[in-house]
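Before any comments, here is the structure.
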Amino acid sequence: MDEGNSSFVKIPQIVSHFAGKFELAKKAATGIIDEVAIPAVSETQKIGSLTLPGIGKLVLVRRLINRKNLDPSAFGQMIIIASTEGNVVILGMMKIRSG
């Protein structure tokens, strides 16, 4: 894959790379990536972290998001506690191999 100045690689770039590298159709390469991604995200959400050897460690990050709203009965502000927000983050870096 070409190294660019962007901070992340987009899905179509990964699909094109796999399709060219392994002589697959882009639809088949997309299917392979989906088959790896779907169970990885679901297991990370269940357990909290998942290590994919040679790729990195997926970690679930939970944040509690509070909102402020006006309370008309008390003529002031009240804090509404919202549900937690979960994001899956890659903790480790991929190994870069030449060749």
When every residue in the stretch 31-48 that is touching a Leu at 6+ places or on another chain (Cβ under 7 Å) and modelled with pLDDT under 85 is compared, the one farthest from residue 62 (Cα to Cα) is 44
Does residue 54 qualify as being assigned to a loop (DSSP other than H, G, I, E, B), out of contact with any strand residue (DSSP E or B) (no Cβ under 9 Å at 6 or more places or on another chain) and either exposed (fewer than 13 other Cβ atoms within 10 Å of the Cβ) or at pLDDT below 95 (or both)?
yes
Let me confirm something: among 60, 24, which residue is modelled with pLDDT of 85 or more, out of contact with any Cys (no Cβ under 9 Å at 6 or more places or on another chain) and not in a helix (DSSP H, G or I)?
24
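The values are calculated or read from the model by the stated rules, or taken from the named source; none is laboratory data. Model, not experiment: these values are computed from the prediction. In this analysis, Cβ positions are derived from the backbone assuming ideal geometry, glycine residues included, and neighbour counts consider all displayed protein chains.
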